[in-house]
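The structure under discussion appears below in the form of structure tokens.
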Amino acid sequence: MRAIFTLSALLLMVFIQAQTNRFIYELQYRMDSTDAHLEKLNMILDISPKEVKFYGQNLAITDSLNKKFGMSSDYTDMSGQVVKRKINSFDNENYINIKQGYYIFKTTDKINWTISDETKKLGPYTLQKAGTRFGGRNWTAWFCKDIPFNEGPFKLRGLPGLIFELSDARKNFIYNLIKHQKLPETYSTDDFLESNFGNKAVLINEKQKHKLLMEFYNDPFAFERNNFSKTDNNLKININGKEIHNIDELNTQTKSMQEVIRRYNNPLEVDKAMHYPQ
């Protein structure tokens, strides 16, 4: 066991006064539950006096580069773990990209923990074990009572201290806290979370989300399909580096994309996973 980062006693004393405390987690995850390989992604947990936000670090990096160099790049977070909530709340605003749209839907996600007496040391910190079932998965968390935030990755919160380590029983999702930053003011995410680089989030419900995802699965290249003309033999469309010349070739690409969607259908909340037809 190794200590990944350190916090001074002085920093602990000023946690509450800081405008935004940023905790960065390394997330290891399986896109396909049968894969042995784990992808890696850094996720940000921002805790401000009024709100908590969790999102991919690449969103913040892209936004920062845009502002610094006057760029207009965008980035699509495909983690399915972009959320915002009021401080000390289980009511989440969920953000998601579907097709060319950006959407928000609301959920209440109460987490009921069972806290164990088991503890372990991680560098200078004493971590305590806790467990819960959420999203159709069994989770183990190691939290630190000395860090006065009852937060953790994604929606898994409500323990009497910050979660340092978190994983589900099948090790499909593994989070490790790797860094802390204290930001001098509330960090604005207006350009990449509440809106996605100019694409403002549209409010939907979960039923509408299901419908949009199924529409995308049924015809993932609907936009490209509309550009084809049966009488125009010279039209060429590039999809993932492959040149498409006609509807038949587009249909082949559609079937390939549907296979990819079915294979990588391993969301954190597996109890809400889409059931796509073969």
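The values are calculated or read from the model by the stated rules, or taken from the named source; none is laboratory data. All values reported here derive from a predicted model rather than from experimental measurement. Heads up, the Cβs are rebuilt from the backbone with ideal geometry, glycines too, and the neighbour counts pull from every protein chain shown. Quick note on the areas: whole protein, heavy atoms, side chains included, nothing else; ligands and nucleic acids left out. Shrake-Rupley method; radii C 1.70, N 1.55, O 1.52, S 1.80 Å.
Can PRO220 be described as touching a Gly at 6+ places or on another chain (Cβ under 7 Å), in a loop (DSSP other than H, G, I, E, B) and under 30 Å from ARG170 (Cβ atoms)?
It is false that PRO220 is touching a Gly at 6+ places or on another chain (Cβ under 7 Å), in a loop (DSSP other than H, G, I, E, B) and under 30 Å from ARG170 (Cβ atoms).
Please verify whether GLU39 is out of contact with any Pro (no Cβ under 9 Å at 6 or more places or on another chain) and surrounded by 16 or more Cβ atoms within 10 Å (Cβ to Cβ), treating the condition exactly as stated.
No, not satisfied.
Given the condition under 29 Å from LEU27 (Cα atoms), open to solvent by 40 Å² or more (accessible area, probe 1.4 Å), of a type in the set (Asp, Glu) and in contact (Cβ under 8 Å) with a residue 12 or more places away in the chain, answer yes or no: does some residue in the stretch 260-271 qualify?
yes
Looking at the stretch 229-243, which of its residues are small (Gly, Ala, Ser) and modelled with pLDDT of 75 or more?
GLY241, the sole residue that qualifies.
Would you mind finding the one in ASN138, ASN150 that is open to solvent by 10 Å² or more (accessible area, probe 1.4 Å), touching a residue at least 12 places away in the same chain (Cβ under 8 Å) and in a loop (DSSP other than H, G, I, E, B)?
Every option except ASN150 fails the conditions.
Being more than 17 Å from TYR25 (Cβ to Cβ) and surrounded by 13 or more Cβ atoms within 10 Å (Cβ to Cβ) is true for just one of ASP63, ASP117, ASP91, ASP77. Which residue is that?
Of the residues listed, the single one that is more than 17 Å from TYR25 (Cβ to Cβ) and surrounded by 13 or more Cβ atoms within 10 Å (Cβ to Cβ) is ASP63.
Taking the residues in the stretch 182-221 that are of a type in the set (Val, Ile, Thr) and modelled with pLDDT of 95 or more as candidates, determine which candidate is least open to solvent (accessible area, probe 1.4 Å).
THR189
Look through the stretch 155-203, keep the residues that are within 17 Å of the chain's Cα centre (by Cα) and part of a loop (DSSP other than H, G, I, E, B), and return whichever of them is farthest from ARG133 (Cα to Cα).
So the residue we want is PHE197.
Which residue, of SER89, SER79, is in a loop (DSSP other than H, G, I, E, B), modelled with pLDDT of 95 or more and of a type in the set (Ser, Thr, Tyr)?
Only one candidate passes the filter, namely SER89.
Does the stretch 103-110 contain at least one residue that is under 30 Å from ASN218 (Cβ atoms), part of a loop (DSSP other than H, G, I, E, B) and free of Cβ contacts under 8 Å to residues at least 60 places away in the same chain?
So far as the stretch 103-110 goes, yes, one or more of its residues are under 30 Å from ASN218 (Cβ atoms), part of a loop (DSSP other than H, G, I, E, B) and free of Cβ contacts under 8 Å to residues at least 60 places away in the same chain.
Tell me which residues, restricted to the stretch 38-63, are among the aliphatic types (A, V, I, L, M) and farther than 18 Å from PHE90 by Cβ.
LEU38, LEU41, MET43, ILE44, LEU59, ALA60, ILE61 - these are the residues of the stretch 38-63 that are among the aliphatic types (A, V, I, L, M) and farther than 18 Å from PHE90 by Cβ.
Checking LYS242 against (1) within 24 Å of the chain's Cα centre (by Cα); (2) open to solvent by 50 Å² or more (accessible area, probe 1.4 Å), which single condition isn't satisfied?
(1)
Any residue in the stretch 261-277 that is over 20 Å from the mean Cα position of the chain (by Cα), at pLDDT 95 or above and of a type in the set (Phe, Trp, Tyr)?
So far as the stretch 261-277 goes, yes, one or more of its residues are over 20 Å from the mean Cα position of the chain (by Cα), at pLDDT 95 or above and of a type in the set (Phe, Trp, Tyr).
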